[in-house]
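The values are calculated or read from the model by the stated rules, or taken from the named source; none is laboratory data. All figures in this text were calculated on a predicted structure; none of them were measured in a lab. Cβ placement follows ideal geometry from the backbone for every residue including glycine, while neighbour counts extend to all protein chains displayed. Please note that ligands, DNA and RNA were not included when accessible areas were found on the heavy atoms of the full protein model with its side chains. Shrake-Rupley method; radii C 1.70, N 1.55, O 1.52, S 1.80 Å.
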Amino acid sequence: MKIKRLQIHGFGKMKDQDIRFSSPVTVLAGPNEAGKSTVLQFVRSMLYGIPSRAYPAERYEPPGGGRHGGVLTAESDDGSIWTISRHASAD
């Protein structure tokens, strides 16, 4: 399975980001505070669920509020497209 696209609606400091992956291998590189760890935690949250408020360090709530979550699109080996959409409840 290959991740093809990340649509980050609100996650940590990232808001309204659309990231597309087209090459077989992708390396995220950048200076400190560029968002590499935020993207990794976003992928984890899309695959396994957004952590509850009991785990604020892993939750990555948007500091200014707003919609928390996004969409991950992946392609399987047989070419089928999978879309995972998760958003935190506003509790």
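Those residues that are over 19 Å from LEU40 (Cβ atoms) and either basic (Lys, Arg) or in contact with a Ser or Thr (Cβ under 6 Å, 6 or more places away or on another chain) (or both), I need them from region 53-88; list them, please.
Answer for region 53-88, where residues must be over 19 Å from LEU40 (Cβ atoms) and either basic (Lys, Arg) or in contact with a Ser or Thr (Cβ under 6 Å, 6 or more places away or on another chain) (or both): ARG53, ARG67, THR83.
I need the full set of residues from region 28-52 which are surrounded by 11 or more Cβ atoms within 10 Å (Cβ to Cβ), farther than 12 Å from GLY10 by Cβ and not small (Gly, Ala, Ser), in order please.
Result: LEU28, LYS36, VAL39, LEU40, GLN41, VAL43, ARG44, MET46, LEU47, PRO51.
Would it be correct to say that ALA74 is open to solvent by less than 70 Å² (accessible area, probe 1.4 Å), among the hydrophobic types (A, V, I, L, M, F, W, C), assigned to a loop (DSSP other than H, G, I, E, B) and farther than 15 Å from HIS9 by Cα? Before you say what the answer is, go through the steps one by one.
Details: open to solvent by less than 70 Å² (accessible area, probe 1.4 Å): yes; among the hydrophobic types (A, V, I, L, M, F, W, C): yes; assigned to a loop (DSSP other than H, G, I, E, B): no; farther than 15 Å from HIS9 by Cα: yes.
No.
One line per residue, one yes/no per condition, for (1) assigned to a helix (DSSP H, G or I); (2) within 17 Å of ARG86 (Cα to Cα); (3) not polar (S, T, N, Q):
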| site | (1), (2), (3) |
| --- | --- |
| VAL27 | no, no, yes |
| PRO31 | no, no, yes |
| ALA34 | no, no, yes |
| THR38 | yes, yes, no |
| ARG44 | yes, yes, yes |
